Amino acid sequence: ADEELESDGSGIIVTNTGNSDLDVDMVSLMPEDTYKGHGLRKDLMEQLEAMHPKFLRFPGGCAVEGQTMDTAWNWKDTIGDVSERKEMINIWNPSATEPYMMTYGLGFYEYFQMCEDLGMEPVPILNCGIACQVRSGSATDEEHLVPMDKLQPYIDDALDLIEFANGTDESNEWVQKRIQMGHKEPFNMKYIGIGNEQYGDIYFERYEEFAKQIHEKYPDINLVTTSGTASSGSSNDLAWNWANEHEELADRMDEHYYETADWFRQHAYRYDNYRRDTNTKVVLGEYASKGNAWYNALSEAAFMTGLERNADVVRMASYAPMFAKYGNTQWSAADMIWFNNSDYVLTPNYYVQKLFANHRGTYTIPLQKQDVKLRKEGIYVSAAVDAQGEIILKLVNTNHREYALMLEDADGLAVRTTGQMWTLRGTGEMPEDRPEVSAVTEETAEIDGCVFIPAQSLVVIRYQ
């Protein structure tokens with residue numbers, strides 16, 4: 001065919017002037033002005049930047065597991081020249097007639113670059129030799145489960161990823177690939193997750209092989225194991241029993257759960273009774289109540305006070321999913337940011353996450369006297385102090401009436417001071433096919449022994 005490539009000043013136009021068909025192998029279009037020049041949508045990344053996020057799991061989800069081992073995510077397919085990356089069918093729509101393909105246009109290099117640009121710790125998740133157990137159940141054939149004597153290539157993939165991310169020996173193949181892609185300095189990755197939502201003995205015998213080899217060669221890497229797909233039950237119990245018996249191999253336990261809004265309120269004290277005498281700490285890698293209404297977001301806020309109070313146990317927590325494109329999801333339970341080709345919508349859940357993230361303390365402060373009483377009255381509280389000695393209170397009122405909360409210091413004296421207060425509330429406005437609208441107000445807080453928490457609100461107060 002006779003093809004002409006020309007520019008109209010805004011992009012490239014490919015025109016077929018002949019009589020034959022023109023097959024296009026790979027097309028990638030993006031605006032010239034992307035986030036820090038690294039190819040990601042500027043408007044979406046700026047909303048993440050405003051949250052000051054600390055870490056990001058990737059790719060996470062069942063995509064890393066695959067419907068079968070042949071369709072599992074392999075990080076090595078996601079680097080190098082974008083036009084040469086091997087696409088893969090996506091587990092979320094594995095239809096043989098209308099498949100949804102992963103192009104890996106956003107691969108592990110772009111992921112590490114994104115984390116660096118946003119000041120986040122990367123927490124990559126790798127396949128552990130098991131396909132998605134939710135879909136395959138107890139299947140043990142090689143299509144779904146890699147035999148132990150064939151597991152080494154998967155462990156080698158993990159070791160190679162550490163070199164790709166952190167290596168400095170330029171004779172190493174994977175260090176060379178990172179440098180060739182444009183990043184000479186290492187990314188200084190500290191965490192790797194082995195498996196996404198795997199569970200049972202077949203998982204832990206494989207995880208143990210990963211852990212032994214990674215710890216031996218890279219002792220500074222923190223390994224994240226997984227407790228399965230549920231907030232409780234046999235798989236969760238088995239995971240923690242195994243971790244407590246092998247705590248030298250499990251630095252973090254990745255818990256995932258999607259529950260109702262009421263569940264989150266009822267379990268705001270979930271981590272109060274977790275063990276403190278174990279090396280294994282919690283990564284709450286995926287959680288959300290099932291909806292984007294203010295009721296959902298307020299319930300998550302109540303729960304998050306418990307995460308903050310128990311920061312010695314829960315070291316990392318991330319809402320999920322983060323992004324959802326209108327008309328292109330099979331998941332509608334909850335998402336943090338919705339978008340289309342030209343715009344985005346921030347959910348009430350996003351604003352809750354942002355308030356907590358932007359008002360993060362250095363140390364938690366124990367609550368005294370009224371904690372149990374407050375819980376019974378539908379009031380949830382956490383307190384922290386930052387590096388400058390400023391007190392940060394997060395107060396959640398799940399009632400339909402204002403609540404007066406008495407404030408005393410450690411000596412039992414009424415707190416009388418001036419601070420700043422941020423209040424987040426729902427508006428009740430529900431645009432068609434859109435999350436409920438919410439709004440944050442900021443004002444000076446005059447504290448005279450008590451603070452008033454509006455009905456159905458999240459309040460953050462800072463004072464010296």
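Return the residue satisfying two criteria in turn: it lies in the range 32-41 and is free of Cβ contacts under 8 Å to residues at least 60 places away in the same chain and open to solvent by 80 Å² or more (accessible area, probe 1.4 Å), and of such residues it is nearest to E84 (Cα to Cα). The qualifying residue nearest to E84 (Cα to Cα) is E32.
Once the range 396-412 is narrowed to residues that are hydrophobic (A, V, I, L, M, F, W, C) and loosely packed, with under 11 Cβ neighbours inside 10 Å, the residue that is farthest from Y363 (Cα to Cα) is A404. Confirm whether E84 is farther than 23 Å from G193 by Cα, at pLDDT 95 or above, open to solvent by 50 Å² or more (accessible area, probe 1.4 Å) and acidic (D, E). Criteria not met by E84.
Yes or no, residue by residue, for (1) closer than 15 Å to T423 by Cα; (2) in contact (Cβ under 8 Å) with a residue 60 or more places away in the chain; (3) of a type in the set (K, R):
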residue	(1), (2), (3)
A357	yes, yes, no
I365	no, no, no
D371	no, no, no
Y380	yes, yes, no
V385	no, no, no
E390	no, yes, no
L395	yes, yes, no
Y403	yes, no, no
L407	no, no, no
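Scanning the range 95-132 for residues that are at pLDDT 95 or above and either not hydrophobic (A, V, I, L, M, F, W, C) or not in a loop (DSSP other than H, G, I, E, B) (or both) yields a count of 22.
The rows are residues; the columns are (1) surrounded by 24 or more Cβ atoms within 10 Å (Cβ to Cβ); (2) in a helix (DSSP H, G or I).
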| residue | (1), (2) |
| --- | --- |
| R275 | no, no |
| N279 | no, no |
| V282 | no, no |
| Y287 | no, no |
| G291 | no, no |
| N296 | yes, yes |
| S299 | yes, yes |
| L307 | no, yes |
| D312 | no, no |
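From the residues in the range 447-464 that are of a type outside the set (V, I, T), in contact (Cβ under 8 Å) with a residue 60 or more places away in the chain and assigned to a strand (DSSP E or B), which one is surrounded by the most Cβ atoms within 10 Å (Cβ to Cβ)? The qualifying residue surrounded by the most Cβ atoms within 10 Å (Cβ to Cβ) is L458. Of the residues making up the range 49-86, those that are within 24 Å of Y35 (Cβ to Cβ), over 24 Å from the mean Cα position of the chain (by Cα) and assigned to a loop (DSSP other than H, G, I, E, B) are G80, D81, R85. Against the test of being outside any strand (DSSP E or B), buried (at least 18 other Cβ atoms within 10 Å of the Cβ) and of a type outside the set (F, W, Y), the options A334, A357 yield a single qualifying residue, A334.
Note on the range 149-241: enclosed helices (runs of 4 or more DSSP H) holding 3 or more residues that are free of Cβ contacts under 8 Å to residues at least 24 places away in the same chain and at negative phi are 152-166, 173-180. The test for being open to solvent by 40 Å² or more (accessible area, probe 1.4 Å), modelled with pLDDT of 95 or more and in a helix (DSSP H, G or I) does not hold for K373.
Considering every residue within the range 57-64, establish whether at least one is farther than 30 Å from I130 by Cβ, surrounded by 12 or more Cβ atoms within 10 Å (Cβ to Cβ) and in contact (Cβ under 8 Å) with a residue 12 or more places away in the chain.
If we filter the range 57-64 for residues that are farther than 30 Å from I130 by Cβ, which is where we start, we get none.
No, the range 57-64 contains no residue that is farther than 30 Å from I130 by Cβ, surrounded by 12 or more Cβ atoms within 10 Å (Cβ to Cβ) and in contact (Cβ under 8 Å) with a residue 12 or more places away in the chain.
Applying the set (1) open to solvent by 30 Å² or more (accessible area, probe 1.4 Å); (2) at pLDDT below 95; (3) not aromatic (F, W, Y) to M148 leaves exactly one unmet item: (2). Among the residues of the range 244-273, those that are open to solvent by less than 30 Å² (accessible area, probe 1.4 Å) and either over 23 Å from E308 (Cβ atoms) or touching a Cys at 6+ places or on another chain (Cβ under 6 Å) (or both) comprise L249, A250. Taken over the range 107-121, the criterion of being open to solvent by less than 10 Å² (accessible area, probe 1.4 Å) and either farther than 11 Å from P53 by Cα or acidic (D, E) (or both) is satisfied by G107, F108, Y111, F112. Say whether the condition of being under 19 Å from A445 (Cβ atoms), part of a helix (DSSP H, G or I) and either open to solvent by 50 Å² or more (accessible area, probe 1.4 Å) or modelled with pLDDT under 95 (or both) is met by at least one residue in the range 386-395. Looking through the range 386-395, none of the residues is under 19 Å from A445 (Cβ atoms), part of a helix (DSSP H, G or I) and either open to solvent by 50 Å² or more (accessible area, probe 1.4 Å) or modelled with pLDDT under 95 (or both). Identify, please: which residue in the range 427-446 is over 23 Å from T329 (Cβ atoms) and assigned to a strand (DSSP E or B) and is, among those, most open to solvent (accessible area, probe 1.4 Å)? Restricting to residues being over 23 Å from T329 (Cβ atoms) and assigned to a strand (DSSP E or B), the top hit is E446. Looking across the range 220-245 at every residue that is among the small types (G, A, S) and more than 21 Å from the chain's Cα centre (by Cα), the one that is farthest from C128 (Cα to Cα) is identified as G233.
Taking the criterion of being within 21 Å of H256 (Cα to Cα) and open to solvent by 10 Å² or more (accessible area, probe 1.4 Å), the only residue of the range 207-220 that qualifies is E208. Residue check: Q176 meets all listed conditions (1) over 25 Å from the mean Cα position of the chain (by Cα); (2) exposed (fewer than 14 other Cβ atoms within 10 Å of the Cβ) but one, namely (2).
The values are calculated or read from the model by the stated rules, or taken from the named source; none is laboratory data. Quick caveat, the model's predicted, so the values are computed rather than measured. Glycine also receives a Cβ, built like all others from the backbone with ideal geometry; neighbour counts cover every protein chain displayed. Accessible surface areas use protein heavy atoms only, side chains included; no ligands, DNA or RNA. Shrake-Rupley method; radii C 1.70, N 1.55, O 1.52, S 1.80 Å.
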